[in-house]
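For reference, the structure discussed in these notes is given below.
Values in this text are rule-based calculations from the coordinates and carry no lab data. Computed from a predicted structure; not experimentally measured. Using ideal geometry, Cβ is built from the backbone for each residue, glycine included, and neighbour counts are taken over all protein chains shown.
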Amino acid sequence: MQNTLIIQFSKWPQLGKVKTRLAKTLGDQAAFDTHIELTLNVLSNLTSAQQGKVELCFDHLLDDSAGMSLLDACKHKSVSVSAQCGNDLGERMFHALSTGLKTFEKVIIVGSDCPTVDKTYLVNAINALDSNNLVLGPAEDGGYVLIGANKLKPALLDNIKWGGGNVLRSTVSNAESLCLSYALLDTTWDVDEYDDYLRWQGVSK
């Protein structure tokens with residue numbers, strides 16, 4: 001068994017279909033460009049942390065030029081590329097976690113809109129899995145920026161209203177009902193709304 005697999009979840013870049021909430025203020029092209037920039041930023045954070053094997057997992061893979069900058073970055077950083085499998089986000093994450101756990105002792109998923117997940121945050125997540133089945137990185141909006149596991153049970157990510165304000169609470173409730181131990185990291189934020197975008201720009205510039 002290898003130790004840790006870190007999977008970055010991302011949407012394949014498509015104009016008008018990524019960062020749609022940002023697009024209401026920035027427009028489709030700027031939202032598309034932001035999606036690319038964020039994805040590359042998170043990928044850089046995860047690879048530079050050097051805490052495990054990194055994989056970039058898209059919602060689907062298209063044969064077009066839109067994602068070439070992301071694929072080129074993966075090739076340059078020796079990051080493997082894969083496609084998500086499942087009908088909703090819960091199924092896709094469960095599939096990625098359970099597949100990864102066949103080879104790795106710990107598997108962690110990070111979203112591509114989560115630039116605050118740095119080396120320290122990753123290390124804390126990996127260490128938490130030494131004594132817990134699950135680790136979650138709470139987001140201010142009620143979701144989470146990170147989920148990791150060393151053990152899973154079916155139904156962990158079932159019946160969750162993805163994108164709502166109770167995603168973390170519902171996941172924790174499922175874990176408790178399945179008798180899976182869990183740890184919560186410090187609460188942080190991701191980039192969904194325009195205010196988040198301005199916050200990120202203030203941090204990164």
- Note on the structure: Here, Glu91 and Gln2, labelled 7 Å along Cα→Cβ, have an inter-label distance in nm of 2.7
- What's the tally of Lys pairs in segment 2-204 whose alpha-carbon atoms lie under 13 angstrom apart, where the two lysines are 8 or more places apart or on different chains? 5
- Tell me, what is the FRET efficiency for Ser131 and Gln50 to the nearest 0.05, using R0 = 25 angstrom and their Cβ-Cβ distance as r? 0.65
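Nearest 20 debye, what's the magnitude of the dipole of the chain about its Cα centre given +1 on Lys and Arg Cβ and -1 on Asp and Glu Cβ?
Numbers: 18 positive and 24 negative charges, 82 e Å.
So the dipole magnitude of the chain works out to roughly 400 debye.
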- Answer with one residue from Gly142, Val110, Ser131: the one whose Cα lies farthest towards the positive end of the charge dipole of segment 101-180, charges on Cβ with Lys, Arg +1 and Asp, Glu -1. Ser131
- Query: Looking only at Trp189, Trp162, Trp12, which one moves most when the chain is put into a Gaussian network model with springs between Cα atoms under 10 Å?
  - Reply: Trp162
- Message: Could you tell me the relative contact order of segment 2-204? Use alpha-carbon pairs under 8 Å, at least six residues apart, and round to a whole percent.
- Response: 22
- Note on the structure: If one builds a Gaussian network model of the chain from Cα atoms under 10 Å apart, the most fluctuating residue listed among Asn127, Asn45, Asn174 is Asn127
- Task: In whole angstrom, note down how far apart the Cα centers of segment 5-38 and segment 59-100 are.
- Result: 15
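What percent do you get for the relative contact order of segment 41-84 when only Cα pairs under 8 Å and 6+ apart count? Each step should come with its number before you reach the end.
Details: 33 pairs, mean separation 21.7, N = 44.
For segment 41-84, the relative contact order is 49 percent.
So, with +1 on the Cβ of K and R and -1 on the Cβ of D and E, and no other charges, what is the size of the charge dipole of segment 1-91 about its Cα centre, to the nearest 20 debye?
Details: 8 positive and 10 negative charges, 48 e Å.
For this selection, approximately 220 debye.
In units of 2.2 N^0.38 Å, what is the alpha-carbon radius of gyration of segment 49-205? Please list the in-between numbers first.
On the way: Rg = 15.7 Å, N = 157, 2.2 N^0.38 = 15.0 Å.
Computed over Cα atoms of segment 49-205, the ratio equals 1.04.
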- Message: How much length would be gained if the chain were fully extended between Glu140 and Asp63, taking 0.36 nm per residue of separation minus their Cα-Cα distance, in nm to one decimal?
- Response: 24.2 nm
- Label points 7 Å out from Cα along the Cβ direction at Asn124 and Lys77: separation in nm? 2.1
- Message: Would any residue of segment 129-157 have its amide N under 17 Å from a label point 7 Å out along Cα→Cβ of Cys179? List them or say none.
- Response: 132-134, 151-156
